[in-house]
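Since the structure comes first, as structure tokens, the remarks are kept for the end.
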Amino acid sequence: MSSMDDELTKISASNGINASTGDYFFEPETIDEIAARAARPPLDQEHIDELVEHHQSKSFAVVPWASPKNLSETGWGVIFPAGDDPTIRKIRDALSELLDHRKEQAGANKPHYYREFIGDDGYYPGITKSAFLQKYGATYSSADPENVPYYLLIVGDPETIPFSFQYQLDVQYAVGRIYFETLEEYASYARSVVMAEKGMVTRPRRLSFFGTRNNDDPSTLLSSTMLISPLAEEITKLTSGGALAAGWQVETLPYEETKKERLVRLMGGADTPALLFTASHGAAFNQGDPRQLKHQGALMCQDWPGPKEWRKKPILTDHYFAGEDVSDDANPLGMITFHFACFGAGTPRRDDFSYTSSREIAPHAFLSKLPQRLLGHPKGGALAVIGHVERAWDYSFKFDKTKRQTQTFTSTLFQIMDQHPIGAAMEFMNGRYAELSTAITEYEHSVKQGKQPDNYELAGLWMQNNDARSYVIIGDPAVKLVGSEPSAAARPTIEPVTVTGIVITPSAVTTESTPVQPTDKEEEEKIVPEAADFGLFSSLKESKEGIQNSLNELLDKTKQTLSRVLSDATSLDVLTYVSDEMETVEYENGKLKGATQLRAMTRISADGDTIVCVPRTGGRMDTELWQVHKDMVDQALTHRTEMIKTLSAALAGLVDALKVL
């Protein structure tokens, strides 16, 4: 979470917590620097024009004769990456319980109101939102399920199907996204949604507010006093006034109690509510930090002592709540969570608040692990998570020191509590995004007409606009809170899911390219990923045959390497040694020699079976050594996964290149 300084000359440094260093995440920037970026022509003028039309006409969202609560009137669709990758079909099969359920609902009266965009109909790298919709006769107007369904679920990581496509599509449609690393998680999520919607899940009608206020930290002070407190007060008035179903309880935790231990109880533990709203910093990490991919977007808790007391040293795992803190014994089944936190939903490859998007902040775009863990939990997952991609700013609820703007949050939460599908409830967020884009356009027009430029006004509008755009749904946008009892009731778990397997996708390969607009089957077949020349082919200019032979040879070598890696991946061994005489230690032929002691061991088989030997000193577990060992296990797992993804992507690229030749 980020904050605007009281001075009009700069944006303060309190913009997200750098968990790698203990400082704030980015250096402060001046108003003039931000205004200069905002004054440049937009990168996607077509998208801006659509937002302005959305705000002015008020005609977007679903057609007015369709009820957002009735899928047979709105339609429902799922978007997969295009192509014939067998993994995509396996994912589709793992989601079959959910897809069959939605087909029965959306296609009850008109079968074509249920759509699967898969194979040739899926998302092609680089295709624009407008080109995608035009293939099916949809235009810039209210979502008409005769062409494309209103509720759309994207299935894929944000490198394969970019966040930008989701943002653009979400202006007109109700859009969500899921992506997991195992087929089992897809199947678990599908079963969780179906169970909840068939009335097999009960949750107490309780909305819990969890907002930190860390010492000497201006951002969490603002969110606690200008977001959490007024929002809880507004929702309480609505519930007590009879605007919602009887039995809703609103609980606001005192900030002193907003510690990690309490989140354990709120996210699948004994205190799990139907709806949870959190406001805190999100942990962010430097690119290259081994914790980034697994902990980015984790929720900073009151356990963090604050920037003055805990300065210039890495944030501890005890200070934040990450995906791995949702234990196998937890049960988040049936809940919905909303996280106001930096990177709470995901991280782009490049800084969204840099105009040129030239500053890389991650090796590739990715979803945060916490929502993935909540949704794909083996005992039953949460229905959806609303979160923020990139940094979340206090512009979401205020513009200056005295005025707050919480109505958008209040309206969204009210509709979720009133059992509207979560995608429809998010239309208030989309409307604010369109309103801010319109305000920027009107500002630029007035300056052209002679108005004196105001950098403070322009910078504020631009930052608000980028912030409003980045709220997304992780989960099916058609889910809604189930009717639950006012008090805690039985909390069932889902039946065991038997589908297993890892999902290998080219997450390390960028899909940012020139927009592709296929017009027919023949043209689509010509679309291939652009090959990067790393100097491998500089001498292969003799002939097409020579190039093809070289590619075949490289393909064979890549296959052999991938096969060798996968063979080695049948088990992963991590051994931790200690020595009091380091000068005697030598490494030879894969083994340590000298005065060493093996103090910890972990072996993880490909089928998930795990053997762990925990270090013990004086009859008690050596926690410091175990933490070192655990970090090494995490690094080894991340390295192996990324290596397999990269090799798989390289293999797929070579196959495509050979097809062209």
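So the values come out like this:
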{"item": "Selected residue (only one of Ile127, Ile154 is β-branched (Val, Ile, Thr) and closer than 26 Å to Gly380 by Cβ)", "result": "Ile154"}
{"item": "Residue ID - nearest to Gly268 (Cα to Cα), chosen from residues in region 299-331 that are touching a Lys or Arg at 6+ places or on another chain (Cβ under 8 Å) and among the hydrophobic types (A, V, I, L, M, F, W, C)", "result": "Ala330"}
{"item": "Selected residue (only one of Gly387, Gly381 is at pLDDT 80 or above and in a strand (DSSP E or B))", "result": "Gly387"}
{"item": "Any hit, region 166-173, residues being at pLDDT 95 or above, out of contact with any His (no Cβ under 9 Å at 6 or more places or on another chain) and not hydroxyl-bearing (Ser, Thr, Tyr)", "result": "no"}
{"item": "Listing of strands (runs of 3 or more DSSP E) fully contained in region 153-271 that carry 1 or more residues being closer than 27 Å to Gln407 by Cβ and under 25 Å from the mean Cα position of the chain (by Cα)", "result": "174-178, 206-211"}
{"item": "Odd one out for His445, checked against (1) assigned to a helix (DSSP H, G or I); (2) at pLDDT 80 or above; (3) of a type outside the set (S, T, N, Q)", "result": "(2)"}
{"item": "Tyr136 over 21 Å from Gly376 (Cα atoms), surrounded by 21 or more Cβ atoms within 10 Å (Cβ to Cβ), of a type in the set (Phe, Trp, Tyr) and out of contact with any Leu (no Cβ under 8 Å at 6 or more places or on another chain)", "result": "no"}
{"item": "Residues of region 343-363 classified as at pLDDT below 90 and either buried (at least 23 other Cβ atoms within 10 Å of the Cβ) or of a type outside the set (Asp, Glu) (or both), total", "result": "8"}
{"item": "Any hit, region 277-286, residues being under 20 Å from Val389 (Cα atoms), surrounded by 14 or more Cβ atoms within 10 Å (Cβ to Cβ) and among the β-branched types (Val, Ile, Thr)", "result": "yes"}
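Listed here are the residues, each with its yes/no results for (1) of a type in the set (A, V, I, L, M); (2) touching a helix residue (DSSP H, G or I) at 6+ places or on another chain (Cβ under 7 Å).
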residue	(1), (2)
Trp65	no, no
Gly77	no, no
Gly83	no, no
Ile91	yes, yes
Lys103	no, no
Asn109	no, yes
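The values are calculated or read from the model by the stated rules, or taken from the named source; none is laboratory data. Just so it is clear, the model here is predicted, and its values are computed rather than measured. Counting neighbours? That spans all protein chains shown, and the Cβs are built from the backbone with ideal geometry, glycine included.
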